[in-house]
Structure formats: structure tokens, C-alpha cells
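The values are calculated or read from the model by the stated rules, or taken from the named source; none is laboratory data. Values in this document were obtained by computation on a predicted structure and should not be read as measured data. Neighbour counts are summed over all protein chains in view; Cβ atoms, including those assigned to glycine, are modelled from backbone coordinates with ideal geometry. The area values use the complete protein model at the heavy-atom level, side chains included, leaving out ligands, DNA and RNA. Shrake-Rupley method; radii C 1.70, N 1.55, O 1.52, S 1.80 Å.
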Amino acid sequence: MLGPLGAALAVFVAATVAMVALRSASDAIAGVGETAPERVPFLGGHPPEMHAWSRFHARYYVMALLFLAFDMEMVFMYPWAVVFVREGGIALVEMGMFITILLVGVLYAWRERALRWA
Amino acid sequence: MRTYLAPGVAVASVAVVMAVGVYAVAVIDGIAGRLASGAGRIGVSVMLDPPRTVALLLMQRRHRTERADGPGWAIAPALLGGLAATALAVVPVARGTAVADPSTGFVVFATAIAFVMIAVFLHGWSPNSLFPLIGAYRYGAQALSLQIPFLLAMLATALPAESLAVMDIVEAQGDLWNVVRQPLGLPIYLVVGVGVSFWGPLNLPDGADLVGGTSAEDAGTDRLAWEFARAAMLFAVAAMGAAAFLGGWWGPLLPGPVWMALKTLCLLVVMVATRHLVARVRIEPFVVACWTMFIPLALVNIFVSGALLL
Amino acid sequence: MAGACAAVGLSAAARRAASRAPVPVFPVAGIGARREMDDLLVEPRLRIVDTPAAANVLLLAGEVPNALVAELALLHDGLSHPRTSLWWTLGAGVAPVIPFSVEVRDSDPSALVDAVVDAHRRLLTGELASSSPQLPDEDGAPWRGVGPYGQGGTGMTGGVPYGRPMAGVAPDRDGLRLDQLTVRIGPFFARFPTGLVLELRLQGDVVQEAQLVLPPSDVPTARVASTPFSDALHVPVRVSVLELERARSHLRSIASTLVSHQLGSLARRVLHLARQVRPGDDEEVERLHRVLRRSQILGWATSGVGHIASDRLEGTAAGPILRASGIARDERTDDPAYVGLGFEPIVHEGSDARARLAQRLAEARHSLELAGRAGDIDHDPESPLESPRGRLAADDLPAQRILPLIPALLAGMEWGDAVSTVVSLDLDTDEVLAMRATDSEFLVP
């Protein structure tokens, strides 16, 4: 009655809820309550001087832009894969052109050392 | 008419299969570890250690850190487990038998794989601790680089089937398995599968150099749920690999589900064993390898197999 | 009623099962205990973990200097309940300042494992109480806001939200000004030798600046454990014993490298070999080399990591590190005991972590071969001594010469590479624990 997507969604929700419940069940078994020193994040013995939450420098942000471009390409490739055999060679050529343009982008990023950051 | 099960039956069957799969991962991991360390004979303990460890973790108190993100910490392993269950749900076990077989099942699987990045990031962000945070951001780089080769390698299997439904993808392998038709696909898929489940050589978010990374502050059922979800994701990836590349239920003599189980087991052994055989990769060369090696190979795979279909 | 009985029976069964699981242990290697603690990795009944949150048992072996007591107490409190602490005395004279629940005086490793498993079992059944916190329940970073939910106050950056400051910005070579975290990676970081404290400035996962933190010079050095090499400074020791010990030390260092690259099973294999290797067994090491080549530990994992320029190594006499950079300097060439054996130093090119690993592997093989041929020759205390880490003399320890290299080496490195580099330097725990800050080059806590 829900359809196949509904069944998958039901599985997702049930699994998520079950694992949250499992996690909370341990509070009944193993107890709660920690002193302040017990809650200090582990750094090898010294307490931290500042919060870990910070504007972490995700140095791969340029690679993330490249990923966005390819992700949009994937959006087009999903329906392309379905109609490929029906459309024949022209589909191959058109997608080939699209991919080649994107690959030039990858080549540029590689040459510009966007994929390396340390 | 696409097949699916009623919600109650669906949840129950996925739960059972997931539990069996996670246990299988734990046992194979134990066996591979003992073989690699040359420990001599492998006793019954390798079968009994996983449930014993579960009992131990159930009795351990959950760890809290100062100023952590409580809801995020609770949701992260649950999200990973939910995604693994969803990914497993779209894998068919026999002709006309699947928990859920939407006409875009492949897209559902790809979405589940993509969202793993959110789960891992949440897991590393929540404790407000340095090593989990570094692990979370590192996985961002790893996951972004792995998405495209994954999608391209799997998309090639959709070409002969002319459909995005996983049942049709398996159906189209009746005469020839995809691993023979598209030889580059399965190796790339296995590497990506290991990477998405951050297992073994690609375990960068929970790495030893980060003394446990995103799991560094986990204890008790936090740790149990996370390890369970990770193993379940590995199992789901292996199951989809068996369906999409190794011909799913196709095979002589034995019934379809048995073949599915055997093929999944095969891929699972290969993926789990890498943990004891290969060192952890360095993130930068890995990102470069993904973009400059795996993507072109996956594209060659698609276009060559596409050209051969015409 | 039946339900309650079933619950009790089930929980007893669960406790029995849990007590048979591999015990999660967080090991702390004190003075003279590093070798024994590394060997615990092979024990199937223990699971050595990297963080205290994962552990139920804190295992201290040997003696930890008093300078590290505060950190040890914080570490102890970080363990998850139910928890207990064991002290493996290993001949240490002074008991640790914080109380340990169980004391094990037997130096036999299997006796220790039995004690740990038994203590864990008693912990789970309730006979042994979970160890109470060592530090008082005072918030180290108290914070009181203004509003009803504790929010508000004066400013964010420059303020102290939730007790601790936020990271401040700093310029970066990217041109972006993003946050820089200052952290002190402590004495009990699993990949570093005990006592090595690094004060780091991290931007993202790249180390911008690293500095060593050492106890001030007025803190007394504890007794140094005796090894064949420290004995060789005073009394004649057989060359075969020295070479066997050198091979074992190199193999243990390789096992430690394997663990840091997530190859724990192969590390167990290497530790097995280190325990049972005999003079003349160089074939075993050759076989090990073939196994390691396949695992890529000599490939992508260490290639190009932690490169040290040869001119930085001038005068450090740092043993395998020096010889892995192409400089063929070995104290054993000046030792008359080795002249008769036809000793030639082995050299590798590259001066990165891969070259150092290959160097130690080759030297282990070479040492076993020498030990097989050495017979009854003794090493004279007057001749120069080459320890597995470099030239060793009365007040001249290799760690004193290698540690100053670390700050310049780690600057600009990604975190994983930084850890691989420090592991590849193979610092001795006893020597690091004996270091004191003698000049302003090192930070004092």
C-alpha cells in the first residue's frame, strides 16, 4: 500500500529509531553521571585550552567545487543511462562531449595543485 | 509492477539480514586478523568474541564530553545504521523478491551512500574534541572524492539494463555477468565500497593516527552502534556489488537467494580482509588518485561498454 | 516475578559473556616497561585501545615520573565506567602517586594477563568496585552567562563561551585568515613514546608550528632501566647479545610503525618474531620483508613522508635515521670487536619514513647474521657504542640529539604525516622520560 519507496522509507525510519533506542537503553543498564574531569576531551593527558569547534580550514574546498560540477553531470547521466540503448550512438557522442569538457576542468585543477593541500 | 513488502515484514527481514551480515563481518574480520598475525590455530573464540564484545559494550557507561552536541552524537550512528538498512533494502534476493524495488532503486542506493558523509561528519563534530573533528573533516575529502567514481562505476551496470531499478539490472545479467562485460567496474566499486564504509586502508576518519578519530570519545552503546552501523554499511555495499556485478541470483543448481548469499560472502571476504593486509592511505595522494585515476578509468568503463552495446 | 528472574538470569549470563570478551586496556608504559607493554599486543585476551573512553582497565607498567601525575589522574578519570586500574611493578621501587586498585608484582606477562582478566571479571560481577574519580568534581573552565539559559556575556571572540575560549584567527599560506587551534598533545598519546608532549598550532589538519614541552630541569630524573646497551657502557657484554637486542629493538619499532598505519595483525606477526628470534635467523626477517612489501607500508604509506635534509642530521649521530639519509656513519666501524666480523654499515637513500623503515629492517637482518657469527667476542666498555637509536654514551643519549629536530620537521605537515614522522624517529620511552628542559628551546609546562 505504501509502494516500494514507502517500504524503503519505513526501513530507514525503523532502523534509525531502533539504534537511538539501543543507545539510550544503556543509560538504564550502565548508569549515568560523570564528574567534570571525566568529561574533558582526550588529548593525551592535558586538558584542551580552547573549544575544538572552530572555523576549521577545510583545505579541500577547491576540490569540493570540482565535485559540484561532476555531481551536476551525474544528475544528467542518470536518465541518460536509461535511454542510452534506445537513442544509440548520438547519445554516446553527446555525453562524451559533456564529459570531455568536465575532464578538462579536472586537468586544470590537477595542474593548479587544487587536489593537494599540505 | 515493482515488488515490495509491507512495512512490518520489510523492517523485520532487513533487521534479520543486517544482524546476520554484521555478525559475518565480525567473524571474517576475526579470522582474517588471526591468519594475518600467524597466530596458529583459529579456535571457536572467533565465533564467540563478537557477541561477548556486544555484552561488554552494553555494560559500559556512555562517555560524555564537556559542551558536546548531544542530539548530534545520538543521531550520527543511528543515521549511519538507517542508511545501511535502506541500502540493503533495495538489493533483490531472487527474481521478483525484494524488500523494496523502486523503479529508481539505484538512485536510492546512491543517496544512501552519499549521506554517509553527513553521518560521519556529525559523529566527529558532536564531541567537541580535536581528534574527532579532524577525522570528520578528513572524511569530507575522502567521501567527496569517492562519490563520482562510485556513481560512474555503478552507472555502467545500468546501461545494459536500460533501467535504474536494481531488479532489472540483475535481470539483464542473465546471459553474462557485468563483471565480465565491464571488467573495470568491480575493482573500482570495491575500492569505493571500502572507502565509503571507511574500512581498513581507507579508515581515515577513525584512524590510528587520530587515536580513534571520530570514535575517540565513544564508549558503551555509542561505540557499539557505530561499529554495528559501519559493518552493516560494508555488508550492504557487498550485497549490492553481488547484485550489480556478479549476477545476483543467477547461477545453476542452487536457488537464487543462496547464490546471492555466496556472492555477497565472496565480496565481503575481499573487502574485510583488506584491513589486515594493506596500510592506511594518505589522504592527499588518495584524493589525487581518485580524481586523476579512478574517474578516467570509470569513464573509460562506461564508454567502452556503452559502445559495445550499440 | 518470572520476568524479573529471567532478567536477573539474563544479566548474569551477559556479565559472564562480557567477562570473557577481550578486555579493553589502555596501556601506559613507564620507565623500563616499553618493551613489555608493546609485547602485550599479541595477547588475544586483551584488546589494546587508543583512548581511555574505549577502555575499562588502565594498565600502568613500571614507573611514571611525578611530573606526569596530574596528566595520569586526568587520564584515569577519562576511562569509562566500570573501570579499574592495575599497576604492573616490573621492578619499580616507587609506587605511583595516585592509588591503583590492583598491584601485580609478577614480571611474567601471562601472569599479568591473568590478573587483568580476573580483575575485569570481578569488576563486571560487582566484586570489585568501579574506580572512583581521582580529581575533584570541579569544572576546570567554569562559565556563568547572563541569561536564563546561561547565555550571554561580553562578546564571542575575546569572550569565553561555555568556559573555554574559541580559537583565534591567524594568517595562512592560502591567504585565508581562519581559526588556529593551540593544543597540547599529551604524554599519553598512543602513537608517541610516553612523556612526549607537543604544543601544536593546528590550522585545519596541518601543523603550523610545533614545540616540545619538557619538565623543568629541577625535577629529578627517576632511575633508568637497564638494557643490554646501557649495561655495555660499564661491563663487557657479548656482541651476539648486543646484536640480538638490536634486532629485537628494530623489529619492535617496525611493529609500532605497523600499528600506527592500522596493520595491527601484521604488527602481531612482527612481535611474535621479535620474541622468538635467535642469532642467525636472518631468513625470518627476509620473509617478513616480503610480507611487508605487499602491504604497502614501504610504499604509499611512508614514501616521501617526514623527509629530513642530511645537513640537519650533521652531528646528531642518530643511528638508523642518519644512515637512512645516505650518510654511512656507524659507531661499530670504530669498534675493534666488529672489525674481525667484517662489519660494513648499511645505507639507504631518501631520508624519509620509508627509508628509515627499510633501514631498520635491513639492520635487523644484518644484526641477526652478525650475532650468528659473533661467537664469544665481547664488546669492550671503552669502545664506542652504537645503540639501536644512535651513538650511546654515559650522558649522551640519542633522544637528546633527535628531539630538537622535531619542531622544524613537523611545521607545515599534515597531521597523519606528522604522526608517521614521529613514529619513524623511533624515540626511546626511557630516554624521553629522562629529558629535561635545559634551555629556552623547549617549553616548560
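Could you give me the residue pairs with C-beta distances under 7 Å whose first residue belongs to the stretch C:397-409 and is surrounded by fewer than 17 Cβ atoms within 10 Å (Cβ to Cβ), whose second residue is of a type in the set (Asp, Glu) wherever it lies, and which are 6+ apart or on separate chains?
The qualifying pairs are C:Pro404/C:Glu441.
Examine the stretch C:302-318 for a residue that is in a helix (DSSP H, G or I), open to solvent by 10 Å² or more (accessible area, probe 1.4 Å) and in contact with a helix residue (DSSP H, G or I) (Cβ under 8 Å, 6 or more places away or on another chain), and state whether such a residue exists.
yes
Can you run down the residue pairs with Cβ atoms below 7 Å, 6 or more apart or on separate chains, where the first is in the stretch A:1-20 and more than 11 Å from B:Leu83 (Cβ to Cβ) and within 7 Å of chain B (Cβ to nearest Cβ) and the partner is open to solvent by 30 Å² or more (accessible area, probe 1.4 Å) and not in a helix (DSSP H, G or I)?
Matching pairs, first to second residue: A:Gly3/B:Tyr4; A:Pro4/B:Arg2; A:Pro4/B:Tyr4; A:Ala7/B:Tyr4; A:Ala7/B:Leu5; A:Ala10/A:Leu2.
What residue, of B:Leu133, B:Leu190, is closer than 30 Å to B:Ala26 by Cβ, modelled with pLDDT of 95 or more and open to solvent by less than 10 Å² (accessible area, probe 1.4 Å)?
Answer to the check: B:Leu133.
So, in the stretch C:248-265, exactly how many residues are open to solvent by 10 Å² or more (accessible area, probe 1.4 Å) and at the interface with chain B (Cβ under 7 Å from one of its Cβ atoms)?
2
This table checks each residue for (1) open to solvent by less than 20 Å² (accessible area, probe 1.4 Å); (2) more than 14 Å from every other protein chain (Cβ to nearest Cβ).
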site	(1), (2)
B:Ala231	yes, no
B:Ala243	yes, yes
B:Gly248	yes, yes
B:Gly256	yes, yes
B:Ala279	yes, no
B:Ala289	no, no
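Please go through the stretch C:116-142 and pick out each residue that is in contact with a Gly (Cβ under 7 Å, 6 or more places away or on another chain), over 10 Å from A:Thr35 (Cβ atoms) and surrounded by fewer than 15 Cβ atoms within 10 Å (Cβ to Cβ).
C:Pro142, the sole residue that qualifies.
Among the numbered criteria (1) touching a residue at least 40 places away in the same chain (Cβ under 8 Å); (2) within 14 Å of chain A (Cβ to nearest Cβ); (3) more than 16 Å from B:Val211 (Cα to Cα), which one does C:Asp50 miss?
(3)
Hey, among the residues in the stretch C:187-211 that are more than 12 Å from chain A (Cβ to nearest Cβ) and in contact with a helix residue (DSSP H, G or I) (Cβ under 6 Å, 6 or more places away or on another chain), which one's surrounded by the most Cβ atoms within 10 Å (Cβ to Cβ)?
Filtering the stretch C:187-211 for residues that are more than 12 Å from chain A (Cβ to nearest Cβ) and in contact with a helix residue (DSSP H, G or I) (Cβ under 6 Å, 6 or more places away or on another chain), the one surrounded by the most Cβ atoms within 10 Å (Cβ to Cβ) comes out as C:Ala210.
Taking the condition of being in a loop (DSSP other than H, G, I, E, B), among the small types (Gly, Ala, Ser) and under 21 Å from C:Gly91 (Cβ atoms), how many residues in the stretch C:8-52 meet it?
3
Give me a count of the residues in the stretch B:21-46 that are open to solvent by less than 20 Å² (accessible area, probe 1.4 Å) and among the acidic types (Asp, Glu).
Count: 0.
Let me confirm something: among C:Glu386, C:Glu363, which residue is outside any helix (DSSP H, G or I) and out of contact with any strand residue (DSSP E or B) (no Cβ under 6 Å at 6 or more places or on another chain)?
After applying the criteria, what remains is C:Glu386.
Tell me the residue from C:Gly326, C:Gly342, C:Gly299 that is at pLDDT below 90, more than 23 Å from B:Gly200 (Cβ to Cβ), assigned to a loop (DSSP other than H, G, I, E, B) and not acidic (Asp, Glu), please.
Testing whether each residue is at pLDDT below 90, more than 23 Å from B:Gly200 (Cβ to Cβ), assigned to a loop (DSSP other than H, G, I, E, B) and not acidic (Asp, Glu) leaves just C:Gly342.
Considering the stretch B:137-152 alone, what residues qualify as being touching a residue at least 60 places away in the same chain (Cβ under 8 Å) and either open to solvent by 10 Å² or more (accessible area, probe 1.4 Å) or of a type outside the set (Ser, Thr, Tyr) (or both)?
Passing the criteria: B:Arg138, B:Ala141, B:Gln142, B:Leu146, B:Ile148, B:Pro149, B:Leu152.
Quick test for you: out of C:Val42, C:Val94, C:Val25, C:Val69, pick the one residue that is among the hydrophobic types (A, V, I, L, M, F, W, C), more than 23 Å from A:Glu34 (Cβ to Cβ) and within 13 Å of another protein chain (Cβ to nearest Cβ).
C:Val42
Name the residue that is most open to solvent (accessible area, probe 1.4 Å), counting only residues in the stretch C:361-384 that are among the hydrophobic types (A, V, I, L, M, F, W, C) and in contact with a helix residue (DSSP H, G or I) (Cβ under 6 Å, 6 or more places away or on another chain).
C:Ile377
So the check is Cβ under 6 Å with 6+ separation or different chains; which pairs have a first residue in the stretch C:125-144 that's under 16 Å from A:Pro41 (Cβ atoms) and of a type outside the set (A, V, I, L, M, F, W, C) and a second one that's at pLDDT below 90 and exposed (fewer than 15 other Cβ atoms within 10 Å of the Cβ)?
Pairs found: none.
When the residues of the stretch C:285-296 are filtered to those that are within 13 Å of another protein chain (Cβ to nearest Cβ), part of a helix (DSSP H, G or I) and in contact (Cβ under 8 Å) with a residue 12 or more places away in the chain, which remaining residue is surrounded by the most Cβ atoms within 10 Å (Cβ to Cβ)?
This residue is C:Leu292.
Would you point out which residue out of B:Asp206, B:Asp218, B:Asp222 is facing another protein chain (nearest Cβ under 10 Å) and part of a helix (DSSP H, G or I)?
B:Asp222 is the lone residue from the list that is facing another protein chain (nearest Cβ under 10 Å) and part of a helix (DSSP H, G or I).
Any residue that is open to solvent by less than 10 Å² (accessible area, probe 1.4 Å) and out of contact with any Pro (no Cβ under 8 Å at 6 or more places or on another chain) - is there at least one of those in the stretch B:94-102?
no
Taking the stretch C:1-44 only, how many residues are free of Cβ contacts under 8 Å to residues at least 40 places away in the same chain and more than 21 Å from C:Ser226 (Cβ to Cβ)?
22
Could you check the stretch B:153-171 and list, in sequence order, the residues that are open to solvent by 10 Å² or more (accessible area, probe 1.4 Å) and within 9 Å of chain A (Cβ to nearest Cβ)?
B:Pro160, B:Ala161, B:Glu162, B:Ser163, B:Leu164
Considering only the stretch A:72-88, I want to know if a residue exists there that is more than 14 Å from chain C (Cβ to nearest Cβ), more than 30 Å from C:Asp172 (Cβ to Cβ) and of a type in the set (Gly, Ala, Ser).
There is at least one residue in the stretch A:72-88 that is more than 14 Å from chain C (Cβ to nearest Cβ), more than 30 Å from C:Asp172 (Cβ to Cβ) and of a type in the set (Gly, Ala, Ser).
Give me a count of the residues in the stretch B:266-277 that are among the aliphatic types (A, V, I, L, M), more than 11 Å from B:Trp199 (Cβ to Cβ) and either open to solvent by 20 Å² or more (accessible area, probe 1.4 Å) or within 14 Å of chain C (Cβ to nearest Cβ) (or both).
The qualifying residues number 3.
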